[in-house]
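What follows is a set of notes on a single structure, which appears directly below.
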Amino acid sequence: MMSALRRRPVAAGAVLAVAVLGLPGAAAAQSADAPAGTPDATPSAQTAEKAPGAGKQRNDERHGPGTKKPGKKKPGKKKPGKKKPGKKTGPGEILGSEPSSFQYTPGVPTPTKAWKITYRSTSADGRPNAVSGTVIVPDDGRTTPRPLITYAVGTVGLGDKCAPSAGFPGGTTAEAPLVNAALVRGYAVVVTDYEGLGTPGDHTYMVAKAQATAVLDAARAAQRHPEAAKYGVAKEAPVGIMGYSQGGGASAKAAEMAATYAPELKVKGTASGGVPADLAKVADSLEGGDSAGYLLMSAVGQDAANPALKLDKYLNDEGRKLAEVVRNECVGTVLEAGRGKTIEDVTTSNPLDQPDWKQAIAEQFIGGEQPSAPTFVYHGDADETIPYAVGQKLRADWCAKGNAVQWTTFAGQSHVGTAIQGNGPALEWLGQRFADQPASGNCGT
């Protein structure tokens, strides 16, 4: 079973090196993403939310409880008294589920079971929302409780067709080889699509709380999935949180929020790499460079979470055209379109000079709260996308608060290089946490 999952490692590595995290040069790989109309990317009739690709609603129009099923009214007069409340769904409640499949590279089936799910989560402002994702388990005969990793992917884009769940069946999701590395260890994995990526509304890209709740509620949903339960996905099982780049930010914020937002989860540790813990510093590094498209992606994400920011009033014609590309395409296309752009190129005035935008960006800072479980934080010292100093500062902040941080530097490694090189050590570290080995970290070194 292990050997079957490990088949064709060279092909998987090639896919990852070209496409992972949408670095420059990934446009060709991104064009292979599954289209929004792919059957596996479309929710079943069980899903309680509008189907992806059926038109985007504003994020402030799509929150609220799931749709009630129609039913026959009983004859006769209603008795006076209090009305019975409708069934309410809390965070992690499964709203819809359908069978899916998982390939880590095109044309290579894996001995796994997978389900695309839609589940209840929480937006950045505390309102209920619906998020999609994928639950994947090794089909290895195990029925006893097994560790669960809730995995947060790096940047794929804001278009629904870019969602991880859309690419897993055909092996085109860039980080599928990294997910597969967890599956071959016998772990169950749940991968969130994040808010607005595969569900109505714009994706709240780089909005820390919205990403973190999606990650934590994905774990809750996986542990409530009746089919996954037959393969050892259980509420009493240990949970690990993991992610890199955008997923590094999502997983790191989830580590800070886990104890208060999802205290029932048995979180043993979090592995976060290439973490964009300070968006202001990341923006300074990206502007005018090859990866400048990330800036407008982040601006669209902030505006999606908080429409009062009114991004559109700051954009010029070029900015509005690029914003449409951002909202509908995958990351490779966005980076090509935004290459070399400065904020001045796409705006009539800089929104980042305004108090409300400064406040919105400041609220995405990661490092202000102590994670409740040990952490593994890693960064390449040649990272050209997220400054190495940003990762160092996160380590220092968490160490100062008493967290057991295991910090690892990947010397000479770029952003994508560290994603590949760091995945194995991160999984090894999580395995030690699942085995209840002590974690002291290396804050003193």
Query raised in the report: Could you sort Arg327, Arg320 by accessible area so the largest value comes first, with the probe set to 1.4 Å?
Result: Arg320, Arg327
Requested in this report: Calculate one ³J(HN,Hα) per residue across the stretch 183-195 by plugging θ = phi - 60° into the Karplus curve 6.51 cos²θ - 1.76 cosθ + 1.60, and present them in order as whole Hz with x for glycine and proline.
Outcome: 5, 5, 7, x, 8, 7, 9, 10, 10, 6, 8, 6, 4
Requested in this report: May I ask for the distance between the Cα centers of the stretch 234-307 and the stretch 193-218, given as a whole number of Å?
Outcome: 10 Å
Query - Carbon + sulfur, % of accessible area of the stretch 281-354 - ligands and nucleic acids excluded, 1.4 Å - result: 43 percent
Report task. Report the local net charge at Asp303: Lys and Arg +1, Asp and Glu -1, summed over other residues whose C-beta lies under 9 Å from its C-beta. Result -> -1
**Report entry** Nonlocal amide H pairs with Gly198, under 5 Å, H built at 1.01 Å
**Finding:** Asp160
Query - Mean separation of Cα contacts under 8 Å, 6 or more apart, over the residue count of the stretch 256-397: relative contact order % - result: 42 percent
Query - Accessible area expressed per residue, the stretch 134-177, with surrounding protein chains retained (probe 1.4 Å, Å²) - result: 19 Å²
**Report entry** the stretch 364-405 versus the stretch 343-361: alpha-carbon centroid distance in Å
**Finding:** 26 Å
Report task. Send over a whole-number figure in Å² for the accessible area per residue of the stretch 256-375, probe 1.4 Å. Result -> 42 Å²
Requested in this report: Please report, to two decimal places, log10 I(q)/I(0) for the stretch 182-303 at q = 0.09, 0.15, 0.20 Å⁻¹ as given by the Debye formula with identical point scatterers on the Cα atoms and no solvent.
Outcome: -0.28, -0.72, -1.12
**Report entry** Other-chain or far-sequence residues with amide H under 5 Å of Ser121's (modelled H)
**Finding:** Gly92, Asn129, Ala130, Val131
**Report entry** Long-range amide H partners of Phe410 with built H, under 5 Å
**Finding:** His379, Gly380, Asp381
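The values are calculated or read from the model by the stated rules, or taken from the named source; none is laboratory data. Remember, predicted model here, so these are calculated numbers, not experimental data. Cβ atoms come from the backbone with ideal geometry, glycine included; neighbour counts cover every protein chain shown. We work out accessible area using only protein heavy atoms, side chains counted, and drop any ligands, DNA or RNA first. Shrake-Rupley method; radii C 1.70, N 1.55, O 1.52, S 1.80 Å.
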